[in-house]
Amino acid sequence: MHRGKGMKFVGDSRVPAERKANIPKDYSEFPGKTEAFWPNFLLKEWLVGSVFLIGYLALTVAHPSPLERVADPTDTGYIPLPDWYFLFLYQLLKYEFAAGQFTVVGAFIMPGIAFGALMLAPFLDRGPERRPTKRPVAVGMMLLGVAATIFLTWESVVSHDWEAAAEQGKIVQEVPIDTDAEGYAIMEANTCLSCHGANLAGNPNVAPGLIGTGLSAEEVADIAKNGQGTMPAGVFKGTDEELQKLAEYVANDGEAAGESEEASE
């Protein structure tokens, strides 16, 4: 038997006999319609991103973020304001169809549909054209999103009470108070701190501060029991002895009565 007899060699046309170098296509045949992703397109994206990044860095150096007073979790009257890039969502929650019992609609459903539509835009319009007039679906969705964002942001800025916001966030020098005193514990038990603040500095939108009021213990007790201004009567639920200790604590500017007398002596 001769060597190799009965053997057959089969070739596969899908496997090239010679490997060719990975040479990009000649895009000169399609002027203005397409270009190589690397390095032409990607380099342009990097340059544009670098310009915006440098601009934002220069803006943060020239205009630092304003600081407000230390956050007080007991201050229920403080109205927070989101950063500028979330103002359009903040304004959306002010409308009746997106607030109250419809908060879920304004906070989740509507933004989810909007951002989901923008993410699906490349799949909804897969045409090769780059002219805006040839891609009405994608361009229309983008213009609608941009117009809605600009309008809601503008409405949020012009309708916000900036003077009240600056007043509620103003940094005020705090006076050290005795948080271990019995009077402080009584105030905390009667929810006094939810309006007047944990440091008794008050809130301009809800209740005044209790430091340096100049009121006597009797006057403080009368206000705590009968109310004054926006403070209704019957807020204090403790005993007469607790009321007296609370009044002396406030009248002494956040110090226990004994400590204040020792300091005067």
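State all residues of the range 72-84 that are surrounded by 10 or more Cβ atoms within 10 Å (Cβ to Cβ) and not acidic (Asp, Glu); if no residue qualifies, say none.
If the condition is that a residue be surrounded by 10 or more Cβ atoms within 10 Å (Cβ to Cβ) and not acidic (Asp, Glu), then Thr74, Thr76, Gly77, Tyr78, Ile79, Pro80, Leu81, Pro82, Trp84 are the ones that fit.
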Which one of these is among the hydrophobic types (A, V, I, L, M, F, W, C) and touching a Pro at 6+ places or on another chain (Cβ under 8 Å): Val157, Val146, Val104, Val139? Val139
Among helices (runs of 4 or more DSSP H) entirely inside the range 164-265, those with 3 or more residues being farther than 24 Å from Pro73 by Cα and at pLDDT 80 or above are 217-226, 240-251
Filter the range 114-163 down to the residues that are assigned to a helix (DSSP H, G or I), under 30 Å from Val206 (Cβ atoms) and either in contact (Cβ under 8 Å) with a residue 60 or more places away in the chain or touching a Gly at 6+ places or on another chain (Cβ under 9 Å) (or both) and list them by number. Leu152, Thr153, Glu155, Ser156, Val157, Ser159
Check whether at least one residue in the range 162-180 is more than 21 Å from Val70 (Cα to Cα) and of a type in the set (D, E, K, R), and report yes or no. no
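Which is in the same structural domain as Ala247 (by TED's automatic domain parsing), at positive phi, free of Cβ contacts under 8 Å to residues at least 24 places away in the same chain and surrounded by 12 or more Cβ atoms within 10 Å (Cβ to Cβ), of Gly227, Gly234? Step through it out loud before you land on a result.
Numbers: Gly234 fails: surrounded by 12 or more Cβ atoms within 10 Å (Cβ to Cβ).
On inspection, the qualifying residue turns out to be Gly227.
Among what's in the range 180-200 and is without any contact (Cβ under 8 Å) to a residue 40 or more places away in the chain and either surrounded by 14 or more Cβ atoms within 10 Å (Cβ to Cβ) or within 19 Å of Ala164 (Cα to Cα) (or both), pick the residue that is farthest from the chain's Cα centre (by Cα).
So the first thing to find is which residues in the range 180-200 are without any contact (Cβ under 8 Å) to a residue 40 or more places away in the chain, and the list is 180, 185, 188, 196.
Then drop every residue that is not either surrounded by 14 or more Cβ atoms within 10 Å (Cβ to Cβ) or within 19 Å of Ala164 (Cα to Cα) (or both), which leaves 185, 188, 196.
Values: Ala185: 33, Glu188: 29, His196: 25 Å.
Ranking the candidates gives Ala185 first.
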Test: residue in the range 147-156 that is surrounded by 17 or more Cβ atoms within 10 Å (Cβ to Cβ) and within 30 Å of Glu248 (Cα to Cα): no
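The values are calculated or read from the model by the stated rules, or taken from the named source; none is laboratory data. Note that the coordinates shown come from a computational prediction; the quantities given were computed from them, not determined experimentally. Using ideal geometry, Cβ is built from the backbone for each residue, glycine included, and neighbour counts are taken over all protein chains shown.
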